[in-house]
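Worksheet: one structure, shown below.
The values are calculated or read from the model by the stated rules, or taken from the named source; none is laboratory data. This one's a predicted model, so the numbers in the text were calculated from it and none came from an experiment. In this analysis, Cβ positions are derived from the backbone assuming ideal geometry, glycine residues included, and neighbour counts consider all displayed protein chains.
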Amino acid sequence: MTKFNILISLLAVASFSADIGAQENEVDPSGIIAPSNGSGTRALGDLIAGPFDVEAAPYDNRCLGVEEAWGSFWVTGRGHTTLGNNYMIHQYDMNGVYITSYPQNVSGTNFGGWGGRDMEADEAANTLYVGNDNGYVEIMTYDPVTGGISYASTLWSNVTGTVRALCENPSTGNYFTKSFTSDIFEFDMTTGAVINSFSNPAISAYGFGWDSSSNAIWSTSANTSAVEFDPATGLETGRTFFTALGGSQGGADVYNDSRNANGLSIVMLHQTAPDSIGVYDVVGSGTPPPAAWPNLPAAHVAAAGYTEDFESHAGVVPTHMATNELDGLTGIGPDVRAWCNIGQRGACGQETGTGAGLWAGHPGAGSYCLEMGGDPLGPTGVETRNGLVIGLDGSGQGDLTLDFGIVDHGEEADTWDGVWISTDGLAWTNVYPGWQPLAMVWTVISGVDISNAGVSTDGQFYLLFAQDDNFPMGYLDGIQIDDIAVNGVAPPGPTLSVTNLVAGATAKIDLTNCTAGDLAYFVWSAAGGGPVNTPFGPGYVSPPYRVIPLQVDANGH
């Protein structure tokens, strides 16, 4: 199943008219969506202008990139699905009114593909750079007399893959690009040489815009509408926002818009129905983002020895658990289309796919389990995110491991998927990766180390089972989990070590891992290595032997 997103506008877009079924969007084929805590905003991400329909007038429902330059918006488009490829750059005024279209240049190697993606303009040089497949950049010239553009030349850069997102650092003259979850490339637009590259697969990029106030790059994406990152490291700055049009699977540009009294704005292309552009504020700080998993349990139970088959709860969520059912695009919930069920939403085992009955068929299945996915009787193609959070207390219990059984009904890779732990419910650390490698059979996962991932389990903490996908639970997507067990790892027993055991020298003997405050008995003999029984246990000595009692300190030494 190919993953796709349906973006539903929450704005007043009743004037838009388009056939959703006719849309064809170029989306990240991996379906990877970057985790983000979301954003509640006052100014950051506020709509400044639009959304403007860029599809109807030029009759192009495969629009991709957008750039503000020379007092106009410029939009790349492949052409309408009913007419085939015509590869144009459409021009609009600043109120989204269509002016005209100009032909792109598509180099022969790339003909038949999507054509131009994101763009970057050098207004002083009357030049428009248009990213394309296979490292190509098509260079257009702007005529200030006619206000039109025409093809000038092609640069074949050393960038690997598609020059999808595109922007320039005006201080250095270097350009940045990224295609979905590929590396971020910094390159020279004159020679095409790659100057630097960074890896950040958490950002699935469609468009870039350079923010001159923060000297950072805004990237549009399918999940968060925009996320800012540091061009020196490729790491996110923590600033991100959503829009009411959902994710932005298209280009972007940061510029000064006179309608925004705060300063800089970003124009972003949304592959919605119809394809649209919107202008948003990137200056405001906004309110702190809400938690990625807003519902946390009110209680914690002992971790070591904890077992869970969900039977005793009989469909009632206990106080040491909390369910999260969220919109997969915005992270907002509750969303009735999501399904995080231990029996409180409905009977377990309503799945209709080829894996129906697999969970119920495993020994000791009972009537209840944890189910996550879309509503098993709901629609397909709806992105949902689910998480069950369990409150545990591992105080003084040492290292812990996790066992559980699972049926995977066809999950694709998603960054949210897997098992996570947290001490505060805000920062989450993955301890078991996504569900995609698992087969559609009852599978037991054993010995997952949850204590050595950088998060302390010596105290209260949260254990999260998380899932994100776009089909109903049990129909090509979703998981069923049962027979959860958290196990304490037995500490090592007393250990004897001897160093510098050399004839004529002084040897050093250490006893470790003993019980603090107890007596440890050291048995030694010069007669041989035994073994022999002693009143204190077996000794690896031969009689005669000596017994020396030693007081163990607070550290077990």
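Identify the residue in segment 475-488 that is out of contact with any Ser or Thr (no Cβ under 6 Å at 6 or more places or on another chain) and not charged (D, E, K, R) and, among all such residues, is farthest from residue 539 (Cα to Cα).
Going residue by residue through segment 475-488, those that are out of contact with any Ser or Thr (no Cβ under 6 Å at 6 or more places or on another chain) are 476-484, 486, 488.
Right, trim to not charged (D, E, K, R) and you get 476, 478-481, 484, 486, 488.
Values: 476: 61, 478: 57, 479: 53, 480: 52, 481: 48, 484: 41, 486: 36, 488: 29 Å.
Across segment 475-488, the extreme among qualifying residues is 476.
Looking only at segment 402-437, which residues are touching a Ser or Thr at 6+ places or on another chain (Cβ under 6 Å) and outside any strand (DSSP E or B)?
Result: 428, single match.
In the set 198, 229, which member is over 18 Å from residue 137 (Cβ atoms) and in contact with a Gly (Cβ under 8 Å, 6 or more places away or on another chain)?
Details: 229 fails: in contact with a Gly (Cβ under 8 Å, 6 or more places away or on another chain).
The match here is 198.
Using the structure shown, decide if residue 113 is at pLDDT below 95 and closer than 26 Å to residue 84 by Cα.
Judged against the criteria, residue 113 is a match.
Quick grid of which residues meet (1) assigned to a strand (DSSP E or B); (2) in the same structural domain as residue 118 (by TED's automatic domain parsing):
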position: 269; (1), (2): yes, yes
position: 315; (1), (2): no, no
position: 334; (1), (2): no, no
position: 339; (1), (2): yes, no
position: 346; (1), (2): no, no
position: 352; (1), (2): no, no
position: 359; (1), (2): no, no
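Every residue, every condition in (1) touching a residue at least 40 places away in the same chain (Cβ under 8 Å); (2) crowded, with 19+ Cβ neighbours inside 10 Å; (3) in contact with a helix residue (DSSP H, G or I) (Cβ under 7 Å, 6 or more places away or on another chain); (4) of a type in the set (Lys, Arg), yes or no:
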residue	(1), (2), (3), (4)
366	yes, no, no, no
372	yes, yes, no, no
381	yes, no, no, no
436	no, no, no, no
443	no, no, no, no
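Just to be sure I understand the filter: pairs with C-beta atoms under 7 Å, separated by 6 or more residues or on different chains, first member in segment 326-349 and under 8 Å from residue 384 (Cα atoms), second member assigned to a loop (DSSP other than H, G, I, E, B) and of a type in the set (Gly, Ala, Ser). Which pairs pass?
326/333; 327/333; 329/246; 329/247; 337/378
Among the numbered criteria (1) buried (at least 16 other Cβ atoms within 10 Å of the Cβ); (2) modelled with pLDDT under 95; (3) assigned to a strand (DSSP E or B); (4) not small (Gly, Ala, Ser), which one does residue 237 miss?
Status for residue 237: all satisfied but (1).
Please specify each residue of segment 167-186 satisfying the condition of being in a strand (DSSP E or B) and on the phi < 0 side of the Ramachandran plot.
As a first pass, look at segment 167-186 and keep what is in a strand (DSSP E or B): 167-168, 175-178, 180, 184-186.
Scanning segment 167-186 gives 167, 168, 175, 176, 177, 178, 184, 185, 186.
Using the structure shown, decide if residue 202 is in a loop (DSSP other than H, G, I, E, B), without any contact (Cβ under 8 Å) to a residue 40 or more places away in the chain, more than 21 Å from residue 61 (Cβ to Cβ) and not hydroxyl-bearing (Ser, Thr, Tyr). Outline the logic, then answer.
Values: in a loop (DSSP other than H, G, I, E, B): yes; without any contact (Cβ under 8 Å) to a residue 40 or more places away in the chain: no; more than 21 Å from residue 61 (Cβ to Cβ): yes; not hydroxyl-bearing (Ser, Thr, Tyr): yes.
No; evaluated as a whole, the condition is false for this residue.
Among the candidates 157, 153, which residue alone is surrounded by 15 or more Cβ atoms within 10 Å (Cβ to Cβ) and either closer than 16 Å to residue 189 by Cβ or β-branched (Val, Ile, Thr) (or both)?
Details: 153 fails: surrounded by 15 or more Cβ atoms within 10 Å (Cβ to Cβ).
That would be 157, the only listed residue that is surrounded by 15 or more Cβ atoms within 10 Å (Cβ to Cβ) and either closer than 16 Å to residue 189 by Cβ or β-branched (Val, Ile, Thr) (or both).
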